[in-house]
Every structure is written in structure tokens, then in C-alpha cells.
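The values are calculated or read from the model by the stated rules, or taken from the named source; none is laboratory data. These figures come from a predicted structure and were not determined experimentally. No Cβ is skipped: glycine too gets one built from the backbone with ideal geometry, and neighbour counts run over all protein chains shown. Heads up: the accessible areas ignore ligands, DNA and RNA and are worked out on the full protein's heavy atoms, side chains in. Shrake-Rupley method; radii C 1.70, N 1.55, O 1.52, S 1.80 Å.
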Amino acid sequence: MLTVLGWLCSSMLLSVSGGKLPEAEVEIDVLHRPFLCHRKTKYGDMLLVHQEVYFENGTLLYTSRTDGDKHAMWFTLGIMEVLKGWDKGLQDMCSGEKRKLVVPPALAYGKEGKGKIPPESTLTFVVELLNIKNGPRSHESFQEMDLNDDWRLSRQEVSVYLKKEFELHGYPPNDTLHENMVNDIFNREDKNKDGVLSSREFTYRHDEL
């Protein structure tokens, strides 16, 4: 279901004296890295993380281990699903690794702020990566869905995949919902309206990253 939701669901450079200021960067400090690293994160991957968020003065704002539903969160790296600072700071990361990210306002919540976060806030995130999965729009996921190996996804193949995802995450089958989701997916992604999704239509385009 998380993969399904992941499917469905910048800072600007300023000119000064004819030149350009460099884009804001994230300060990255690796707090722990496992001895064995079988895979590193890349754009398009789905990551499961716990996080702690601190203001610049060190005041704790939020921790996923004790606040809210106390669950780690899934998100897709590289599509600004969370913060641009996360997309920059959590690349090439191993499962089990923990990093501290100091994220400037331009790569966090900028001039507007959000909720308890004032405008122009520099935030520190301590992020622990628990798991990495192939992203919902990765070539690996496409191959998993392509049951007859013809490099095209039919409505039936997408429907089978959705039902499997629902069962995997403990949701009851819902044929009406599955049909509506398939219709929505094809309306969004079938660019040439030929009734199937090609690998090019399905996978992330570079300008989406």
C-alpha cells in the first residue's frame, strides 16, 4: 500500500554583480555506518527512516520514536516528497546508517516556515535509515509488475500488482477501489493513450528528480 501511495500520491539562485551565489548545501555528518553495506540509496528508492528534528539552538522539535504514531516513515528519495535537504543529504546511504543533516532554510521550509517552525529556520535532522526498497517507479518495480516480460504493463498486470500490495500490507480486497486506482494510473501515465504503460512512461523521468 505504501508503494501504491508513493506512486499516486528549490531554492533559487540569486544574481549579484553579474554573478550567482552558490546554491545552499546540506551539512552532512555520518554518526554511524554499518560494517557491511549491500546497497546504497539512490534517487527513486523508497526509504524507511526514524528522525529527530532540532532547532538551531538545539531544542528538540520532534522525534518519530515517541511523537505522533511513533512509527518510522516511508518516503521516496529524490522527488521532494519531504524536503529538498533530505533529497540532497540522504543519497548514497546504507541501511542501518545514521546521519546528522544541518539543513539551511532554502532547503527546508524557507521564508514561509511551517507550523511550529518559524520562517528562515535552519534545522538539524538526525536520520536513521532502517530499510531501502525499490521505488514505485523504478525499473525493478516495472519488471516485477511485467508478468509476461513484454516490457509493457497492461491494466490487468497493474491490477494484479495493486491487489498483491493490498494483501501484503493487510488491507482487505476492494475490486471497486482497485479499478478506480488502475483508471487513475492510466489516465495519468499512459501519455500516448495506447492502453499500456511502456517502461519509459512508467519509470521516473530525470526532470522529476
Which loop trypsin sites (Lys or Arg not before Pro) in segment 106-175, with loop taken from DSSP, have no more than 14 other Cβ atoms within 10 angstrom of their Cβ? K111, K116
Under 15 Å Cα-Cα from K111, which aspartates and glutamates qualify once same-chain neighbours fewer than 8 residues away are excluded? E120
Convex hull projection area averaged over all views, segment 123-184, Cα basis, nm²: 6.5
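Provide the packing ranking of 69-81, 175-187, i.e. peptides ordered by the mean count of other C-beta atoms within 10 Å per residue, highest first.
So the peptides 69-81, 175-187, ranked by packing, come out 69-81, 175-187.
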So with the 1.4 Å probe, I'd like the accessible area per residue for segment 84-209, rounded to whole Å². 54
Give me the aspartates and glutamates in straight-line cross-link reach of K88: C-alpha distance below 14 Å, same-chain residues under 8 apart excluded. E23, E25, E27, D29, D45
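In whole Å and largest first, what semi-axes does the C-alpha gyration tensor of segment 148-195 yield when each eigenvalue is scaled by 5 and square-rooted?
21, 13, 7
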